[in-house]
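Asker: Below is a structure I'd like to ask you about.
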Number of protein chains: 2
Amino acid sequence: FAPAAHSAVETRLFDKINTKIDLDSPKVATMDKLSNGDKKVYCRCWQSGTFPLCDGSHMAHNKETGDNVGPLIVSVAKAEE
Amino acid sequence: FAPAAHSAVETRLFDKINTKIDLDSPKVATMDKLSNGDKKVYCRCWQSGTFPLCDGSHMAHNKETGDNVGPLIVSVAKAEE
């Protein structure tokens with residue numbers, strides 16, 4: 001199956017990943033500090049209402065587009081472990 | 001500027017974020033454990049050759065598409081801090 005040809009401008013529009021978060025920022029990089037015992041779920045679909053954290057929006061995105069993106073779960077062992 | 005209309009199938013194709021990583025997986029979620037003093041840079045553009053870690057691929061992606069995505073940097077304080 002070859003996708004239909006489309007104008008260069010159209011390609012740019014549809015190949016963007018982020019259509020929602022800090023659109024006026026040149027690059028949306030996030031820094032986060034964790035401590036012992038922390039566990040956080042981070043968004044990688046750029047649709048979350050609680051970005052940079054995941055709010056499950058990837059499920060609707062995957063359903064709509066046939067994509068298979070999911071979050072990043074980072075945890076830090078408790079101090080005494 | 002209103003993007004040109006296009007077929008539903010074409011929308012699905014172009015609205016996917018992940019066109020490269022574990023495409024046969026139903027959902028690509030990543031779990032990672034960090035310890036004191038760790039610092040890791042995680043990919044959020046789904047183009048990295050070292051996924052789930054960032055390899056700078058977001059720069060080429062942003063340049064090509066006019067997007068503004070960037071990585072997630074997570075750090076854990078050193079034990080004695």
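Here's the yes/no breakdown for (1) at pLDDT 95 or above; (2) at the interface with chain B (Cβ under 7 Å from one of its Cβ atoms); (3) assigned to a strand (DSSP E or B):
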| site | (1), (2), (3) |
| --- | --- |
| A:LEU13 | no, yes, no |
| A:THR19 | no, no, no |
| A:ALA29 | yes, yes, yes |
| A:ASP32 | yes, yes, yes |
| A:ARG44 | yes, yes, no |
| A:THR50 | yes, no, no |
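Asker: Report, by residue number, each residue of region A:53-66 that is farther than 19 Å from B:LYS33 by Cβ, assigned to a loop (DSSP other than H, G, I, E, B), open to solvent by less than 60 Å² (accessible area, probe 1.4 Å) and at pLDDT 95 or above. Walk me through it before giving the result.
Answerer: First, pick out the residues of region A:53-66 that are farther than 19 Å from B:LYS33 by Cβ: A:55-66.
Adding the requirement that they be assigned to a loop (DSSP other than H, G, I, E, B) leaves A:55-56, A:66.
Among the residues that remain, those that are also open to solvent by less than 60 Å² (accessible area, probe 1.4 Å) are: A:56, A:66.
Across region A:53-66, the qualifying residue is only A:GLY56.
The values are calculated or read from the model by the stated rules, or taken from the named source; none is laboratory data. Predicted, not measured: the structure shown is a model, and the values here were computed from it. So basically every Cβ, Gly included, is an ideal-geometry build from the backbone, and we count neighbours across all protein chains shown. Heavy atoms of the whole protein, side chains included, go into the accessibility calculation; ligands, DNA and RNA do not. Shrake-Rupley method; radii C 1.70, N 1.55, O 1.52, S 1.80 Å.
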